[in-house]
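Structure first, commentary second.
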Amino acid sequence: MGYLEEARKRATRRKSPWNLLLIPAVFGTWLVMWYASIQAVGRLLRYTRPGLRFIFLPDSGGGTLIGLGLLFAWLPVAMIISNILVAAVAPARHALDREAQAVPGTDLASANRRLLKAMLVMTPIGLLLVFIGILAV
């Protein structure tokens, strides 16, 4: 079974409105982590290269690499954190656990294990892009 078929199968079993809570949880967490990282890298660049003038990141290819690299680096981390945050809401946890019983491997622990594996690939690649971007500025 291909990825799209599996995604459709997962989507049909998600009936609870509690699933919608995952959307702002992921995007909010991702945005906060990305923005904090942009600020940290910007401060590092201002400290190491005092001649650079910019608001968030330099307007160059290096700045673009930094921004995109941080987006990739933090996405799986934000998804794991969001899963934990939503699971902390008892009614949501119960509803999502009931839905996961029908499809093995879709429970919270299994989902976070798969996201952790994705994080082990995506985060280092994203941070490598950030490092290359810093060197290119």
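Sequence-ordered 3J(HN,Hα) estimates for the stretch 118-132 from the Karplus curve with 6.51, -1.76 and 1.60 and θ = phi - 60° stand at 5, 5, 5, 9, 5, 5, x, 5, x, 5, 5, 4, 4, 4, 4 Hz, glycine and proline given as x. Computed over the chain with a Gaussian network model linking Cα atoms closer than 10 Å, the most mobile of T123, T48, T29 is T48. Note that the stretch 46-63 has calculated 3J(HN,Hα) couplings of 5, 6, 7, 9, x, x, 6, 10, 6, 8, 9, 9, x, 7, 8, x, x, x Hz, one per residue in order, obtained from phi through the Karplus relation 6.51 cos²θ - 1.76 cosθ + 1.60 (θ = phi - 60°); glycine and proline are x. Just checking the listed ones, I66, I81, I23: in the Gaussian network model of the chain with Cα springs under 10 Å, the one fluctuating most is I23. Between I55, I80, I38, the GNM of the chain built on Cα springs shorter than 10 angstrom shows I55 fluctuating the most. Here the 3J(HN,Hα) profile of the stretch 69-85, calculated from phi with Karplus coefficients 6.51, -1.76 and 1.60 at θ = phi - 60°, is x, 5, 4, 5, 5, 8, 4, x, 5, 4, 5, 5, 4, 5, 4, 5, 4 Hz, Gly and Pro shown as x. The residues neighbouring L52, those whose beta-carbon lies less than 15 Å from its own, together hold a net charge of +3 under the Lys/Arg +1, Asp/Glu -1 convention. Each other residue within a Cβ distance under 12 Å of R93 adds +1 if Lys or Arg and -1 if Asp or Glu, for a net charge of -2.
Over the chain, the reciprocal of the mean inverse Cα-Cα separation, the Kirkwood hydrodynamic radius, stands at 16.7 Å. Label separation (Y35 vs A88): 1.8 nm, computed from points 7 Å beyond Cα along the C-beta direction. Counting helices only, and only those DSSP H runs with n ≥ 4, report the 222 nm mean residue ellipticity of the chain as the sum of -39,500 (n - 2.57) divided by its residues, in deg cm²/dmol to the nearest 500. Rounded to the nearest 500, it is -27000 deg cm²/dmol.
None of the figures in this text is laboratory data; all of them are computed from the coordinates on show. Keep in mind the model is a prediction, meaning the values are calculated, not measured. Glycine also receives a Cβ, built like all others from the backbone with ideal geometry; neighbour counts cover every protein chain displayed.
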